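Remarks on the structure that follows.
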Amino acid sequence: MSGKESLPLEDLLKHPEVQKVTSNINQELVERREYAPPVCKVFTYPYSALKDNSKFRFVIDNEAKKQLPNIIDNKVQNITGAEDLEESLKEKYCKKRNIGIVFSGGPAPGGHNVIAGLYDAAKKANPENKIYGFLLGPDGILENEAIEITDSLVDKYKNLGGFTMLKTGRTKTDTKEKMALSKETCKKLNLDALVIVGGDDSNTNAAFLAQDMFEDGIQVIGVPKTIDGDIQVKDADGNILCAISFGFHTAARAFANAISNLCTDCSSDVKYWHICKVMGRVASHLALEVALQTHANMTLIGEDLADYIDKRRFEKAKKEGITDYSAYGITLRHLSRMICDGIVKRAASGKNYGVIVIPEGILEFVDEIQIFIVKLNAIIAEYNQTHDTDFHSDFPLLEDKLEYLRRLARLSREDNLFSIWNTRDDDLFNDIPEFFQEGLLMERDSHGNFQFSLVETDKVIMGLVKNYLNILKEKGIYKLGIDNSYYRKTLSTGGLDPDYFGPILFKNYDKEEEFFLLKESIISKKMLKQTMVNEGAIQKNDIIPAPVEKIYKKSVTKFKTQVHFYGYDGRGSDPTRFDCIYTYNLGLTVFSLIANGATSQMAAIKNLEMDFSRWEPIGIPIASLMHLEERKGKLSLVLEKSVVDVNSISFQVVKSLRDKWLAAAPCENNYRRPGPIRFTGKSEEDRPITLVLNALAKHS
Ligand code: FBP
């Protein structure tokens, strides 16, 4: 017992040190709130102006021309700084405005700074300007639930992650009624402009609202948000207009830090394979950036797998002078074989552990699954339309859903009809595990998207991997390589001659090898003894010498996994400096677009992939980026998502470093330690590595 008397609890709680360490306000928070992001040069001027830039061309979808006539002719707009404006322009620029802003879709780090930038610019132009924030996403617009943004709100949330200030939601403004309600709210609040901070679907909403409110003079501006990084805009000539959506860098850095820690842990206790699923509903941009940040042993990139060609089938068909279409595209079976190949190779060099990164949306790129998703989307949509009801409420249980599919399959057979679901589909579907059937049949989100984050992708893939590894183990192929010096030491200490037993036990015995692999036939103690007897090393009735048995046991592999999902954690992370600066400048861009009369434009920063001094705020015409896509079984006009370009420098670099990072050789691992997100100091790279690499294409 110490001689010191402790204070009564009541006094203890009042103690300044206790108050300091238990306060919600810590040093990191203070520093974040105080940080003033630098602004692009054009925003250092008192005013800004817009200039149409016809240099950038787009291939316009005919349906977009039909559905969005008022905004289809928009051009890319450059923002320029102005010391002064002509009187009439100045009046327009500085007129008193009401602007509404809404967060839509999943949170992304930096959202609060869009509000901060917009707020600061609006107040600078006219202190009477008002910014309203709609609560809980698009529902806030439909129900006119809004709060006025104030200095103190901005100060409280500046440079902080999440969408906590306003919250968010995923409601799609997809009916005439919702359009009318949105317009009504804008009119009630006397809004001059509405700002939609969202992903591809939300920017699609922005374009339709802009079209609808065009005659009313209510401007609509979109902001490219999503950690998935799938809003990347290039024009028809490949010029990059928006290199990445905001939130991507932070989420990738947060995932990378956690995954890099797993690399450190697994290479310390050398017993687990860590399976890390990372968010990204369809595109694998996050997985690619995580690969560059961490050098994890294996990173699957969905877009790459889609290009897969089964060489064996391809060559066979070529010899026969035919085309075998089944040789193109990857199946789950191929995919699991590829992963097993890496695991077996690492084990052979003594590393029965590692880290695998799997993008959340990988199944979208696996042929057989993609076909199921498309077919089931159509079946569910058709059912809802024909019966004017909801498939999931009518068939709440998996068994009910399966019975409905069986009925469709029976119908197709009985009537010999062409059907979207035939008996072969039904048989294949019944072959997959129940949890996966449930996943594939689960309710689509409000935009009709398949909800990959709810499917246990890793479980599906790793189930197949485990099965195949067992087969490889039974065949004697999946074995742990035995370190040369360990083998020699073990046998010598036990009084045995390593050079005598080496050729008997190993298939690659050579003093120069760093790792020895037990012969494939030695898959059990029984087979070990048999081999030794056959080789005359021991007699039938002898026992296996202890050092040899020890070596055998060492070579036996167990495939032990730990499964992780990185998504919501990174999405809620406080933004990196890159995202803080990017989003604050996006907010300033939004105001410039509004004050200069733009509508249906997406605020963006050109040259993000370059040094900050070269960043150029612009407006991108949303309508020009739209195309037809299958949603809820129907073709809809939506903003085109950008997936990983397998010809990009970033992907090509990852591809060529794959073997190095797999480290399936007698060598050290090649892990990289990105460390946690560092808000202060200079040690963190100032933009995503993917962007740094892709930028080289332009300058080489
Ligand atoms: P957004 O496209 O709306 O930004 O959301 C992306 C995302 O974070 C995906 O990576 C993930 O699949 C999905 O949201 C999860 O959605 P939910 O929040 O509805 O679970």
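Does region 573-583 include one or more residues that are within 16 Å of the ligand (Cβ to nearest atom), surrounded by fewer than 18 Cβ atoms within 10 Å (Cβ to Cβ) and hydroxyl-bearing (Ser, Thr, Tyr)? No: zero hits.
So, Ala317, is that one open to solvent by less than 10 Å² (accessible area, probe 1.4 Å), part of a helix (DSSP H, G or I) and free of Cβ contacts under 8 Å to residues at least 24 places away in the same chain or not? Criteria met by Ala317. Take the residues of region 350-368 that are more than 16 Å from the ligand (Cβ to nearest atom) and more than 17 Å from Lys558 (Cβ to Cβ): which is surrounded by the most Cβ atoms within 10 Å (Cβ to Cβ)? Looking at residues that are more than 16 Å from the ligand (Cβ to nearest atom) and more than 17 Å from Lys558 (Cβ to Cβ), I get Val355. The single condition among (1) away from the ligand (no atom under 16 Å from the Cβ); (2) part of a loop (DSSP other than H, G, I, E, B); (3) of a type in the set (A, V, I, L, M) that Ile231 does not meet is (1).
Restricted to region 421-504, the set of helices (runs of 4 or more DSSP H) holding at least 2 residues that are within 16 Å of the ligand (Cβ to nearest atom) comprises 434-441, 457-474. The set of residues in region 450-484 that are open to solvent by 70 Å² or more (accessible area, probe 1.4 Å) and under 28 Å from Tyr509 (Cβ atoms) comprises Asn470, Ile471, Lys473, Glu474, Lys475. Checked against (1) surrounded by 12 or more Cβ atoms within 10 Å (Cβ to Cβ); (2) at pLDDT below 95; (3) over 27 Å from Gly161 (Cβ atoms), Phe56 passes all but condition (2). Scan region 57-103 for residues that are assigned to a strand (DSSP E or B) and either of a type outside the set (A, V, I, L, M, F, W, C) or free of Cβ contacts under 8 Å to residues at least 12 places away in the same chain (or both) and the total you get is 6.
Step by step: first the residues of region 234-259, then only those that are in contact with a His (Cβ under 9 Å, 6 or more places away or on another chain) and open to solvent by less than 10 Å² (accessible area, probe 1.4 Å), then the one that is nearest to the ligand (Cβ to nearest atom). Which residue is that?
Among residues in region 234-259 that are in contact with a His (Cβ under 9 Å, 6 or more places away or on another chain) and open to solvent by less than 10 Å² (accessible area, probe 1.4 Å), the one nearest to the ligand (Cβ to nearest atom) is Phe248.
The test for being within 30 Å of Asp483 (Cα to Cα) and part of a loop (DSSP other than H, G, I, E, B) does not hold for Gly342. All of (1) away from the ligand (no atom under 15 Å from the Cβ); (2) outside any helix (DSSP H, G or I); (3) open to solvent by 10 Å² or more (accessible area, probe 1.4 Å) hold for Asp155 with one exception: (2). Every test in (1) open to solvent by 10 Å² or more (accessible area, probe 1.4 Å); (2) of a type outside the set (Ser, Thr, Tyr); (3) within 16 Å of the ligand (Cβ to nearest atom) is passed by Leu262 save one, and that test is (3).
The values are calculated or read from the model by the stated rules, or taken from the named source; none is laboratory data. Everything quoted here is computed from the prediction, not taken from an experiment. Counting neighbours? That spans all protein chains shown, and the Cβs are built from the backbone with ideal geometry, glycine included. Areas reflect the complete protein model, heavy atoms only, side chains present, ligands, DNA and RNA absent. Shrake-Rupley method; radii C 1.70, N 1.55, O 1.52, S 1.80 Å.
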